[in-house]
Amino acid sequence: MEDHKIENIELKYLTVDDFEELKSATLESYGGVLDSYWKKHHIERLTTMFPEGQVVIKIDGNIAGCALSLIVDYDKIDDHHTYADIITGDSFKNHDPHGDVLYGIDVFIKPEYRGLRLGRRLYDYRKEICENLNLKGIVFGGRMPNFHKHKDLTPKEYIEKVKRKEIHDPVLNFQISNDFHPVRVLKGYLEGDTASNEYAVLMEWDNIYYTKKSKKASTVKTIVRLGLIQWQMRTYNSLEELMQQVEYFVDSVAAYRSDFALFPEFFNAPLMAKYNHMHEPDAIRELAKYTKIIVEKMQQLSISYNINIITGSMPEVIDDKLFNVGYLCRRDGSLERYEKIHVTPDEAKIWGMQRGHKLQTFETDAGKIGILICYDSEFPELSRLLSDEGMDILFVPFLTDTQNGYSRVRLCAQARAIENECYVAIAGSVGNLPNVNNMDIQYAQSAVFTPCDFSFPSNGIKAEATTNTEMILVADVDLSLLRELHSFGAVKNLKDRRKDVYDVIRVEK
């Protein structure tokens, strides 16, 4: 091919008219072995029952390669099947248009066209079929053409050495480089394949975009809109006044059809002003008396405005112990509680705040979420545990008084987005409360952070508010990009963890 300039490469559906040329190309590709080609009635059958599964690559009008496929109901395929079991003679009766997996029955590139990465084009086309037809993935029996050279090895040992690049196998190496992974060894798979000693490796590619078919209407979203409230600390004369401001912000982000409204940590602190004559531990316990009614009102707002509300955090007294807690008010009316696990030295010393123990992810109609209150975001073990449970978005309500305190939260939140391949949204308060001890000043810049990869902002910042200004921040995040990142990212922070060296383990209380 070096002396011939290629003018046109195209991928086309195979037709019966291609039969004679296909026969010749097949014989060239398989070394001229007698009878090693599909017969005309095979091609007629395949192109009739599943035309989009049978394709050829043509270079300047000549067949350079071919890929043939079936759709199968994978649950009906025996784990230790053979090639003959799949194609079932002339009938291809295992083909099921309502099946869930694409099964590759043949793929080849003519010798003179090898080295042009044409095989990758064929595999990429098969992947597109899976995505377009909503199939779980691709499977096929992969030959091991160099296995006969290593008779001292078992098939498993041979595969492991190929994966470690200690042995070169042109077929397995190519398939692994195209995101296929070995599932099991199939003995006696292809009769007469002496190079592989009649062994094959069942190779599999998973379609990360596959969604299970359901008769119910789907309510889980892919594009999720986040509404962050950068709350201004100011004096309120009553709970009713504070709740009017809360409703104003809920109304504002809901008007933009946000799926979540995130409030900051201790956003209700202005209500402590009337107790400023008390010692700080007594004043915050008075504030805790408002928590129940605030949660009830926010629960009603979540229903009225059709939005999931994350209440930031508030003090709560349980069995005479003071905790820093928050609530997830789902728009379906359900309620979930979360706790601050790591209280700051200041919270413990001045208020007598106790450490929480509750850590969990929450299912919502807009993805699985985690919530960590302020200081908790600075402990990577917590978000890693939530990530292991499938967290898509981490929400961090915070309260920081100085820029260095804010920087700790911000930089740790960005790290959590990268290491856990998730979105992180942080929301804080601004302004000052001169009439509330221990709550004098606030510094914040609310933001939404992303992983750093090609499908995301290169600096990992999706959106950020103006520093120290009361405002809302609305941003869209695409959960499907996370699925793609998990499998095809430039780096794979979740998959590449060395659990043989270290692990993060939850301690049950």
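What about Pro451, is it in contact with a helix residue (DSSP H, G or I) (Cβ under 7 Å, 6 or more places away or on another chain) and closer than 30 Å to Lys127 by Cα? Yes, satisfied.
Only one of the numbered conditions (1) in contact with a strand residue (DSSP E or B) (Cβ under 8 Å, 6 or more places away or on another chain); (2) outside the structural domain of Ala261 (by TED's automatic domain parsing) is not met by Asn468, and that is (2). Just one of the numbered conditions (1) among the aromatic types (Phe, Trp, Tyr); (2) more than 22 Å from the chain's Cα centre (by Cα); (3) in the same structural domain as Leu382 (by TED's automatic domain parsing) is not true of Tyr502: (3). The strands (runs of 3 or more DSSP E) found entirely in segment 219-322 that carry 3 or more residues being surrounded by 14 or more Cβ atoms within 10 Å (Cβ to Cβ) and either touching a residue at least 60 places away in the same chain (Cβ under 8 Å) or not hydrophobic (A, V, I, L, M, F, W, C) (or both) are 223-233. Would you check if Ile393 is in contact (Cβ under 8 Å) with a residue 60 or more places away in the chain, among the β-branched types (Val, Ile, Thr) and over 25 Å from Tyr502 (Cα atoms)? For Ile393, the condition - in contact (Cβ under 8 Å) with a residue 60 or more places away in the chain, among the β-branched types (Val, Ile, Thr) and over 25 Å from Tyr502 (Cα atoms) - is not met. Assessment of segment 409-420 against the conditions (surrounded by fewer than 17 Cβ atoms within 10 Å (Cβ to Cβ), more than 30 Å from Lys289 (Cα to Cα) and in contact (Cβ under 8 Å) with a residue 12 or more places away in the chain) yields at least one matching residue. Scanning segment 38-71 for residues that are part of a strand (DSSP E or B) and free of Cβ contacts under 8 Å to residues at least 60 places away in the same chain gives Val56, Lys58, Ile59, Asn62, Ile63, Ala64, Gly65, Cys66, Ala67, Leu68, Leu70.
Among the residues of segment 191-201 satisfying the criterion of being within 11 Å of Tyr83 (Cβ to Cβ) and buried (at least 17 other Cβ atoms within 10 Å of the Cβ), which is modelled with the highest pLDDT? Give the derivation first.
Filtering segment 191-201 down to residues within 11 Å of Tyr83 (Cβ to Cβ) leaves 191-193, 198, 200.
Subset that is buried (at least 17 other Cβ atoms within 10 Å of the Cβ): 193, 198, 200.
On the way: Asp193: 84, Glu198: 89, Ala200: 92.
Ranking the candidates gives Ala200 first.
Considering only residues in segment 354-389 that are β-branched (Val, Ile, Thr) and under 18 Å from Val224 (Cα atoms), the one that is surrounded by the fewest Cβ atoms within 10 Å (Cβ to Cβ) turns out to be Thr361.
Consider Asp79 carefully, then state whether it is at pLDDT below 95, part of a loop (DSSP other than H, G, I, E, B) and closer than 21 Å to Ile138 by Cα.
Working: at pLDDT below 95: yes; part of a loop (DSSP other than H, G, I, E, B): yes; closer than 21 Å to Ile138 by Cα: yes.
So Asp79 passes the test.
Scoring Pro182 on the criteria (1) modelled with pLDDT of 90 or more; (2) not in a strand (DSSP E or B) leaves a single failure, condition (2).
Name the residues in segment 400-437 that are touching a strand residue (DSSP E or B) at 6+ places or on another chain (Cβ under 6 Å) and farther than 22 Å from Lys462 by Cβ, would you? Listed by number, the residues that qualify are Asp401, Gly431, Asn432, Leu433.
Note on segment 397-509: enclosed strands (runs of 3 or more DSSP E) holding 3 or more residues that are within 26 Å of Lys368 (Cβ to Cβ) and modelled with pLDDT of 90 or more are 423-427, 447-449, 461-464, 471-478.
The values are calculated or read from the model by the stated rules, or taken from the named source; none is laboratory data. If you're wondering where the values come from, they're calculated on a predicted model, not measured in any experiment. Virtual Cβ from ideal backbone geometry, glycine too; neighbours counted across all protein chains shown.
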